[in-house]
1. By DSSP, what percent of the beta bridges with both residues in region 24-83 are antiparallel, rounded to the nearest 5?
2. In a Debye calculation with equal point scatterers on the alpha-carbon sites of region 24-83 and no solvent, what is log10 I(q)/I(0) at q = 0.14, 0.15, 0.18, 0.30 Å⁻¹?
3. Testing the spin-label approximation: label points 7 Å from Cα along Cα→Cβ at residue 82 and residue 61. State their distance in nm.
4. Cut-off is 10 Å between beta-carbons; in what order do 53, 73, 26 appear when sorted fewest neighbours first?
5. Sticking with the crude label model, points 7 Å out along Cα→Cβ, report the distance from residue 54 to residue 25 in nm, one decimal please.
């Protein structure tokens, strides 16, 4: 019984570690698509406000069943200041 509990604990730990690594992906989109995502999101955070060319955002969506999804988005061809206008 002890071996079964330990093996399940290791499988759960591996599953959680794999799930955390999946959030590291950055998606490149244009300014219009970014504006649509911001309007439908629960919250967003600007990552690099100093860049004049691109803007890196972290966008969080919260669904009705309390599940949260966080996506990193690189808006190409638009600074963060232009995006917030």
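None of the figures in this text is laboratory data; all of them are computed from the coordinates on show. Since we're looking at a predicted model, the values are computed, not measured. Note: ideal-geometry Cβ built from the backbone for every residue, glycine included; neighbour counts use all protein chains shown.
1. Working: 12 of 16 bridges.
If we restrict to bridges inside region 24-83, about 75 percent are antiparallel.
2. So the normalised log intensities are -0.35, -0.40, -0.56, -1.32.
3. The modelled label-to-label distance comes out at 2.6 nm.
4. Fewest to most other Cβ atoms nearby, the residues stand as 53, 26, 73.
5. It is 1.7 nm.
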